[in-house]
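A short worksheet on the structure shown next.
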Amino acid sequence: MASAFAHIVVPAVTYAALKGKRFNIRLLVLAMALAIFPDIDVIAFKFGIAYESQWGHRGFTHSLMFAGLVALLCSIFWRQLRSHPMMIFVICFVACASHALLDAMTNGGLGVALYWPFDHERLFLPFRPIQVSPIGVKAFFSEWGLTVIASELIWVFIPGIAMSVAGFFARTKYQSSYHD
């Protein structure tokens, strides 16, 4: 898996590009949590569920179906989030689904069950430059963890910062021309 730090980049970049009345700080915080949420499946190890099971790590919680259902559930809370239900659905879906796509770009593990429940096959993307992150906080603070951060810096953080800056300027230019 990519680290939790890398997973929050996608919602942050999206926020930089779309920040406004409908994509507010409340929705950003939710999106950041949802970008990490699919890794809740690591609790399966505590129950003896095998990694390769559809209920194991990188199984059903890493699917597009799961991301869609979570996004749909979140959109019910549109009043509390002070946003439009469709905006909430799209932002939450992108945040949750991006988790699986980043994990599918790692160089380790068994892949992700992206198309569950229709297909239980674990998939990787053809381009897998991200060093797989260790599971657990203690293992992360090691030489392996430093290698992961270096890899994510190159393949996630630097492109994310560049896209955020571009998104910010595009949004600012659009808003200034829209209000003129």
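Observations, loosely collected:
- Filtering segment 21-52 to residues that are of a type outside the set (Ser, Thr, Tyr), in a loop (DSSP other than H, G, I, E, B) and either on the phi < 0 side of the Ramachandran plot or touching a Lys or Arg at 6+ places or on another chain (Cβ under 6 Å) (or both) leaves 21, 22, 23, 24, 49, 50, 52.
- In segment 138-167, residue surrounded by the most Cβ atoms within 10 Å (Cβ to Cβ) [restricted to those that are among the hydrophobic types (A, V, I, L, M, F, W, C) and at pLDDT below 85]: 140
- Count of residues meeting criterion [assigned to a helix (DSSP H, G or I) and surrounded by fewer than 18 Cβ atoms within 10 Å (Cβ to Cβ)] in segment 90-110: 2
- Any hit, segment 37-57, residues being under 24 Å from residue 156 (Cβ atoms) and of a type in the set (Lys, Arg): no
- Scanning segment 72-89 for residues that are assigned to a helix (DSSP H, G or I), of a type in the set (A, V, I, L, M) and surrounded by fewer than 17 Cβ atoms within 10 Å (Cβ to Cβ) yields 72, 73, 86.
- Residue check for residue 135: buried (at least 20 other Cβ atoms within 10 Å of the Cβ) and either among the charged types (D, E, K, R) or in contact (Cβ under 8 Å) with a residue 60 or more places away in the chain (or both): no
- Filtered residues of segment 13-35 (kept if surrounded by fewer than 20 Cβ atoms within 10 Å (Cβ to Cβ) and closer than 17 Å to residue 100 by Cα): 32, 33
The values are calculated or read from the model by the stated rules, or taken from the named source; none is laboratory data. All figures in this text were calculated on a predicted structure; none of them were measured in a lab. Neighbour counts run over all protein chains shown; Cβ positions are idealised from the backbone, glycine included.
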